[in-house]
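Remarks on the structure that follows.
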Amino acid sequence: MGAAAERRSSGADEGLPPFSVRLHHWFMVYVRRSMRRHFHALRILAAGAGGRGHPDLGTEPVILYANHPGWWDPLVFFTVADTLWPGRKNYGPIDAAALEKYRFLGRIGLVGIEPGTRRGAARFLRVARAAGRRGDVIFWVTAQGEFADPRDRPVVMRPGVAHAAAANERGVVVPVAVEYPFWTERLPEALVAFGDPIPMGQGGDPHAWEALLAERLEATQDALAAAARKRDPALFRTLLDGETGVGFVYDLGRRLHAWARGRRFDPSHGGSRP
């Protein structure tokens, strides 16, 4: 795909920055490799286990708004979206100062926003409304605006998502909860849960929207926390498997012990042990 065609396909004329599909593809190779190295698994809370699986977005414009427990959040969002909705382009806000350091991120959907300023708020709303006209885009937002423990209650959100939900003429806004707990392995789990989609296009008071969105996000976080405490992978759908085991020396002893007993070696903490 040529650069001009790629710019046209990105819908840059509708208020969204150009999106490089090719650069996104190569970046996702790095992201998946990094996720596998640093997490035991990436899992989505299953329907019937306190979650709703993942929403069927169809061709609806969508805002996915999430809590913000850590540095890994954007890479988790990229991986989840690329796996569940590979036909959609991912857009989302990032601190403009951070984007200056990593300018290539601006070509794969991250939009520089000056936090705490009127200009930043205006640009956020402009981009969110542009995303709200597109059925081939996902607009991700860490609605708390800064890192927050997933157990903090009440959930406090910045007003941007509420203003976007009130202003957008169609589509849905979906709460997303994220946690990084340690279970039985050396590496943590990356856990994600989706709440029920909330229709936009109704207008309304942004303050009422803010209260509703905070309530729904808190409920989604509570459902994920309850499932995470059970430490049961069966409650989740695994999107990505990461590294398992403790390390080469320790695992070598376990491997030899399994071989001596005629067993298949399982590197997980619950597998064969010396």
Pairs, first free of Cβ contacts under 8 Å to residues at least 60 places away in the same chain in region 222-235, second crowded, with 18+ Cβ neighbours inside 10 Å and not basic (Lys, Arg), C-beta under 6 Å, six or more apart: 228/179; 228/191
Residue 31 fails exactly one of (1) farther than 30 Å from residue 230 by Cα; (2) in a helix (DSSP H, G or I); (3) touching a residue at least 24 places away in the same chain (Cβ under 8 Å), namely (1)
Out of all the residues in region 138-194, which are in contact with a His (Cβ under 8 Å, 6 or more places away or on another chain) and basic (Lys, Arg)? 186
Using the structure shown, decide if residue 176 is under 30 Å from residue 37 (Cβ atoms), under 14 Å from the mean Cα position of the chain (by Cα) and buried (at least 21 other Cβ atoms within 10 Å of the Cβ). yes
Every residue from region 57-96 that is within 9 Å of the chain's Cα centre (by Cα) and among the small types (Gly, Ala, Ser): 66, 81
Residue count, region 23-60, condition surrounded by fewer than 12 Cβ atoms within 10 Å (Cβ to Cβ) and acidic (Asp, Glu), comes to 1
May I ask you to list pairs of residues, at least six apart or on different chains, whose Cβ atoms are under 8 Å apart, with the first in region 150-171 being without any contact (Cβ under 8 Å) to a residue 60 or more places away in the chain and the second being of a type in the set (S, T, N, Q)? 156/144; 158/144
Could you go through region 115-122 and let me know if any residue there is surrounded by 16 or more Cβ atoms within 10 Å (Cβ to Cβ) and hydroxyl-bearing (Ser, Thr, Tyr). no
If we keep just the residues of region 179-191 that are out of contact with any Phe, Trp or Tyr (no Cβ under 9 Å at 6 or more places or on another chain) and not charged (D, E, K, R), which is surrounded by the most Cβ atoms within 10 Å (Cβ to Cβ)? 183
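Just so you know, all these numbers are worked out from the coordinates, no wet-lab data involved. None of the values given here were measured: they were computed from a predicted structure. No Cβ is skipped: glycine too gets one built from the backbone with ideal geometry, and neighbour counts run over all protein chains shown.
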